[in-house]
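The values are calculated or read from the model by the stated rules, or taken from the named source; none is laboratory data. Model, not experiment: these values are computed from the prediction. Cβ atoms come from the backbone with ideal geometry, glycine included; neighbour counts cover every protein chain shown.
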Amino acid sequence: MASGDREDTEDFTYDSAVYYEEDDSKKADILEIRARLEDDRWGLTICDPYRDGDGTQMGRFEHSAKNSRHAIIFLSPSLLERMKNRQESHSQFSIETFLCNILDRHDTTLERRVIPVWFESEGAEKPFILSRYTPLCPGEVGFWRKLYRSLSRLPVPGAFMTQVSQRVRNVKNLQQEAVLHIAAKLGLPEEVVDGIKVEYGGSQAMLREVFYCWKSHLGPEATIDAVDDIISEVITMPQQVEQQQQSLGTVDFEILKVFLKFVLFAVSKDADSGVVDGRSNSTDDEALSDGLRSLNLNTQQSGDPDMGAKEKTKVHEGEEHDGKDAKNLILAVNS
């Protein structure tokens, strides 16, 4: 498919044409993939020249090539062998010759893309005719995700993904459940999402890929403003809010530990010097209690139901015992 066939890449009758050998041994698998592409979840218009169009076989194939944004070529071992040993014929239409001509053009504009789908046989080497391509192989991890991305309306701008990455990084403690909610909301097919879960480690990486697939499928309709709206919705989801609160509680407890170390170290130092006795520690104890109240420590913030009770017990021990016991409290805080 030559990129110069159409200047307006939006003006195509079909999202993709599909090409295969009519009596191919893999025809059942090919038709299953075609049916999935035409499913409402994928939302693609597919031209199959064996099924669609009028006129001669050659005319239907030429019509499909001119009016489709992309071309998916299904290559079984038997078809590849015939393409390798093909005999040029100008008097009779040959699917092998037609497909070889498409593959030889190797459009690199990404606006119109040739997508080889290779039914790889075990131990087979990559055919020479595919040397300039990265073929997709059914059954391999990520097949559906890669196919979904390849069938993009327009190339995804790098600037768009840079903005997406900046926004995703600002979502703290992102949960996988939230990512899956976004993917479903954006209408990504389940098999595409399943591939993302397997291939990408970490919720932020998954979310970036979700937005990429969405942008590649919708094109200009997928805007950065829509990304902002979606992320704003996600950070208010109950499970996301709960995770953020638990994280903040953990941070607060760490701050408390540092605070206790400084205060109790001062009490212990005075006790070692003999300047104060157990009864005269009330001023330091009051400061400690005021500090605890200012931090507003509670069991909900800590994320540990017993944490607040434990720390309060330690504080009461500090109030009731002398400087020697304060040393023990320091050891407890350090633990």
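Residues are listed down the side, and each one gets a yes or a no for (1) at pLDDT 70 or above; (2) closer than 20 Å to ASP48 by Cα:
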residue	(1), (2)
SER76	yes, yes
GLU81	yes, no
LYS84	yes, no
HIS106	no, no
ILE115	yes, yes
ALA124	yes, no
PRO127	yes, no
GLY139	yes, no
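Quick one: how many residues across the range 163-198 are surrounded by fewer than 21 Cβ atoms within 10 Å (Cβ to Cβ) and either acidic (Asp, Glu) or within 29 Å of ASP11 (Cβ to Cβ) (or both)?
Of the residues in the range 163-198, 7 are surrounded by fewer than 21 Cβ atoms within 10 Å (Cβ to Cβ) and either acidic (Asp, Glu) or within 29 Å of ASP11 (Cβ to Cβ) (or both).
Being modelled with pLDDT of 90 or more, more than 22 Å from LEU130 (Cα to Cα) and either outside any loop (DSSP other than H, G, I, E, B) or touching a Phe, Trp or Tyr at 6+ places or on another chain (Cβ under 7 Å) (or both) narrows it down to one of ARG41, ARG60, so name that one.
From the options ARG41, ARG60, the qualifying one is ARG60.
Do we have any residue at all in the range 136-152 that's of a type in the set (A, V, I, L, M, F, W, C) and under 22 Å from VAL227 (Cα atoms)?
Yes, some residue in the range 136-152 is of a type in the set (A, V, I, L, M, F, W, C) and under 22 Å from VAL227 (Cα atoms).
For the range 19-38, how many residues are part of a strand (DSSP E or B) and either among the β-branched types (Val, Ile, Thr) or under 25 Å from LEU186 (Cα atoms) (or both)?
Qualifying residue count, the range 19-38: 0.
For residues in the range 67-78 being in contact with a Phe, Trp or Tyr (Cβ under 9 Å, 6 or more places away or on another chain) and surrounded by fewer than 21 Cβ atoms within 10 Å (Cβ to Cβ), which is nearest to VAL114 (Cα to Cα)?
Among those that are in contact with a Phe, Trp or Tyr (Cβ under 9 Å, 6 or more places away or on another chain) and surrounded by fewer than 21 Cβ atoms within 10 Å (Cβ to Cβ), it is ASN67.
Would you check if GLY201 is part of a loop (DSSP other than H, G, I, E, B) and within 10 Å of the chain's Cα centre (by Cα)?
The answer is yes for GLY201.
Take ALA183 and tell me if it is in a helix (DSSP H, G or I) and free of Cβ contacts under 8 Å to residues at least 24 places away in the same chain.
Judged against the criteria, ALA183 is not a match.
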